[in-house]
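The values are calculated or read from the model by the stated rules, or taken from the named source; none is laboratory data. Keep in mind that this is a model prediction, so the values were computed, not measured. Because the Cβ atoms are built from the backbone with ideal geometry, glycine has one as well, and the counts that use them run over all protein chains shown.
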Amino acid sequence: MLNNIINRFRLRQSSLLFFSTVLSLLISAQDSSYKRPAVTDKWDVYKQQVKANPDKRMVELKTLIPSIVYDLRYATVNNFMKRLMYPAGTKHTYMRSPAAKALQQVQAELAARGLGLKIYDAYRPYAVTVKFWELVHDERYVANPANGSGHNRGTSVDLTLISLSTGRELKMGTGFDNFTDTAHHSFTRLPEDVLENRKLLRSVMEKAGFKALETEWWHYSWPGSSQFEILDIDFKKLKKDL
């Protein structure tokens with residue numbers, strides 16, 4: 001009889017675990033659902049938008065700023081996702097024309113100080129934002145696909161400062177995509193040289209018209225992003241414009 005009781009107890013436990021797992025999956029699926037916004041994913045539609053407004057042209061940054069340095073993290077596994085989010089070997093990145101021209105001004109000002117910019121990420125196809133959301137469903141770290149992001153619109157950029165003479169990054173207190181309070185602009189319990197480096201990056205970016213994201217020292221956005229469509233044009237197609 002004791003064995004029968006134990007077996008019934010185990011069966012009940014298994015049933016509870018099964019239903020608990022199913023319920024968790026259903027809740028997760030409900031939470032991760034979103035309404036897809038208007039997205040431009042056709043090349044000819046994008047070209048029509050650019051024809052109507054040349055400011056909407058996506059500019060490959062090195063064609064405008066040859067001295068800028070790339071470290072495109074999502075084309076490698078060296079990122080917080082620990083996996084490729086862009087095609088391996090992606091060597092180009094883009095921003096809308098006004099933002100790219102403003103970044104050119106930043107690079108010129110920094111060069112006078114013996115410094116330059118290193119780009120971690122700029123344009124991000126909408127499909128990649130969807131993948132982020134599916135894997136990390138948390139708006140503290142990734143954009144909700146229901147809204148798209150500045151990266152999808154070609155108006156946001158993730159970057160840092162480097163020394164032109166050595167090519168080394170200046171100390172910023174954390175690495176890229178560090179989701180702790182230490183990465184916030186308001187965090188001041190850092191060495192003085194780190195605080196000065198962050199202050200310099202922010203001052204030159206804001207002088208050129210960019211806006212800082214308070215929780216990420218590396219993230220800056222061009223104002224008025226809502227006038228630019230959310231894009232899901234892959235890098236190979238954009239490369240045709242080079």
Residues located in region 87-102, provided they are within 17 Å of SER156 (Cα to Cα) and either surrounded by fewer than 22 Cβ atoms within 10 Å (Cβ to Cβ) or in contact with a helix residue (DSSP H, G or I) (Cβ under 7 Å, 6 or more places away or on another chain) (or both): HIS92, THR93, TYR94, MET95, ARG96, SER97, PRO98, ALA100, LYS101, ALA102
Within region 47-81, residues in contact with a Pro (Cβ under 9 Å, 6 or more places away or on another chain) and acidic (Asp, Glu) come out as ASP55
When you scan region 29-36, do you find a residue that is at pLDDT 50 or above, surrounded by 10 or more Cβ atoms within 10 Å (Cβ to Cβ) and assigned to a helix (DSSP H, G or I), even just one? no
Pairs with Cβ under 6 Å, 6+ apart, first in region 181-204 and buried (at least 16 other Cβ atoms within 10 Å of the Cβ), second in a helix (DSSP H, G or I): PHE187/ASP181; VAL204/VAL106; VAL204/GLU109
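For every residue, the table says whether it meets (1) closer than 20 Å to THR40 by Cα; (2) of a type in the set (D, E, K, R); (3) at pLDDT 95 or above; (4) in contact with a helix residue (DSSP H, G or I) (Cβ under 7 Å, 6 or more places away or on another chain).
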| residue | (1), (2), (3), (4) |
| --- | --- |
| LYS131 | yes, yes, no, no |
| SER149 | yes, no, yes, yes |
| SER165 | no, no, yes, no |
| LEU170 | no, no, yes, yes |
| GLY173 | no, no, yes, yes |
Mind checking which strands (runs of 3 or more DSSP E) fall wholly inside region 63-174 and carry at least 3 residues that are in contact (Cβ under 8 Å) with a residue 12 or more places away in the chain, within 14 Å of the chain's Cα centre (by Cα) and under 30 Å from THR188 (Cα atoms)? 115-121, 156-163
Going by the structure shown, is GLU216 of a type outside the set (A, V, I, L, M, F, W, C), in contact (Cβ under 8 Å) with a residue 24 or more places away in the chain and out of contact with any helix residue (DSSP H, G or I) (no Cβ under 8 Å at 6 or more places or on another chain)? no
Return the residues of region 46-93 that are within 16 Å of LYS239 (Cα to Cα) and of a type in the set (D, E, K, R); say none if nothing qualifies. LYS47, LYS56, ARG57, GLU60, LYS62, LYS91
For region 120-140, check the following and say yes or no: at least one residue is under 24 Å from VAL194 (Cα atoms), crowded, with 16+ Cβ neighbours inside 10 Å and among the aromatic types (Phe, Trp, Tyr). yes
